[in-house]
Amino acid sequence: MRLVKEPQPAADSACVRFIQDHPFASATVLSHIRKATQGATAMKNCQPFARELGGRMHVFAHNGDLDGERLRARLPLGGFRPVGDTDSEYAFCVLLKRLRAPWLAGGIPALEERRRIVEAFVAAIRPLGPANFLYSGGDALFLHGHRRFHGDGADARPPGLHVLCRRCAARSDRVDAEGLAIALDAEQEVILAASVPLTAEPGWRALAEGELLVAQRGRIVVQPGPRAETPRVRTATAAGQETPVPYTREGQAMAHPLPSVARLDPVVERYLRDVDRALLRRNLVLTPEERLNQLQELSRFAGELRGAGKKVIDPRSP
């Protein structure tokens, strides 16, 4: 993990110039520009905050303004203590306290177990003020949207966070926005999350108040929790347990889930246990144009195979 931060204004930042002069590659990048609502303007209060837990670095960035007095009264700390004096770092220490047991049990905790812990954490801090944040333990990124101040003098209100899911082509589809540029060396899926949309392109989606998403490898893998206003579409597994439906590239839950396995013929159900649905899910998020391109590639490949077969049977064939 690389952590670069300073207490100086971002408009004239030596850290920003350093990053521009020394670009780096990473699967997850968190950036935070702080408006000091609590705590002094000092390095100890600059975000993102980072701590080690279970042999991995955990990073947290919060956009909001929690009631510090009620936060400290309602949510006592454990083994993690803040270095600075912000509500954001205190909240991060509370989250790490809750995550400590599963991370110290050995290995990486199950994603669903961590999601439940983070969901309980956000339920505890939401009544204390705006609680938009990004949190990562290395292999997954948790995104929580709540409320924020929109600069019009009114009380904080949703949306507090926006997301954009997109597939970028190799070297030809840079992500450029005011104050942000991402160079892509290979075709990949990317998730951008920000308080406000960073670009004018379509696809940005405002998170519902209290919506919690989990992302891995450039795509959303866990749908919103119970408080979110986005419809909760689910399917059933062979064991009868519910699992989230995959998201579309725009981050919306798919409106037509696969049939419930519990209602299928027992013979079909037995064979489905060995079916790898990862390819199905990847195809479901493709646009019609991308699916057509794949079909054309398959047709060209089939033509090449037929031509090669003819040459094997009859070397004189053209």
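The values are calculated or read from the model by the stated rules, or taken from the named source; none is laboratory data. Not measured: the values here are computed from a predicted model. Ideal geometry is used to build each Cβ from the backbone, glycine not excepted, and the neighbour counts take in all protein chains shown.
For the range 124-141, the condition holds for no residue, the condition being that it is part of a loop (DSSP other than H, G, I, E, B), among the acidic types (Asp, Glu) and more than 20 Å from ALA215 (Cβ to Cβ). Report whether or not VAL118 is buried (at least 18 other Cβ atoms within 10 Å of the Cβ), β-branched (Val, Ile, Thr) and free of Cβ contacts under 8 Å to residues at least 40 places away in the same chain. When the stated conditions are applied, VAL118 does not pass them. Examine the range 68-89 for a residue that is under 16 Å from LEU143 (Cα atoms), touching a Leu at 6+ places or on another chain (Cβ under 8 Å) and either among the charged types (D, E, K, R) or crowded, with 19+ Cβ neighbours inside 10 Å (or both), and state whether such a residue exists. Yes, some residue in the range 68-89 is under 16 Å from LEU143 (Cα atoms), touching a Leu at 6+ places or on another chain (Cβ under 8 Å) and either among the charged types (D, E, K, R) or crowded, with 19+ Cβ neighbours inside 10 Å (or both).
Any residue that is farther than 25 Å from GLN188 by Cα and among the hydrophobic types (A, V, I, L, M, F, W, C) - is there at least one of those in the range 126-139? Yes, the conditions are met somewhere in the range 126-139.
Going through (1) farther than 17 Å from VAL196 by Cβ; (2) surrounded by 23 or more Cβ atoms within 10 Å (Cβ to Cβ); (3) modelled with pLDDT under 95 one by one, GLY138 falls short only on (2). Counted as qualifying within the range 149-223 are the strands (runs of 3 or more DSSP E) with 2 or more residues that are of a type outside the set (A, V, I, L, M, F, W, C) and at pLDDT 90 or above, namely 211-216. Comparison of ARG56, ARG72, ARG17, ARG98 shows that the only residue that is more than 19 Å from ALA120 (Cα to Cα), touching a helix residue (DSSP H, G or I) at 6+ places or on another chain (Cβ under 9 Å) and of a type in the set (D, E, K, R) is ARG56. When the range 66-87 is filtered for residues that are at pLDDT 95 or above and small (Gly, Ala, Ser), only ALA73 remains. A search for C-beta distances below 7 Å between a residue of the range 1-20 that is closer than 21 Å to HIS58 by Cα and any residue that is surrounded by 13 or more Cβ atoms within 10 Å (Cβ to Cβ) and hydroxyl-bearing (Ser, Thr, Tyr), counting only pairs 6+ apart in sequence or on different chains, returns GLU6/SER13.
When the residues of the range 51-66 are filtered to those that are touching an Asp or Glu at 6+ places or on another chain (Cβ under 9 Å) and of a type outside the set (A, V, I, L, M), the one that is nearest to PRO158 (Cα to Cα) is GLY64. Within the range 17-53, the set of residues being aliphatic (A, V, I, L, M) and either over 18 Å from ALA194 (Cα atoms) or at pLDDT below 75 (or both) comprises ILE19, ALA25, ILE33, ALA36, ALA40, ALA42, MET43, ALA50, LEU53.
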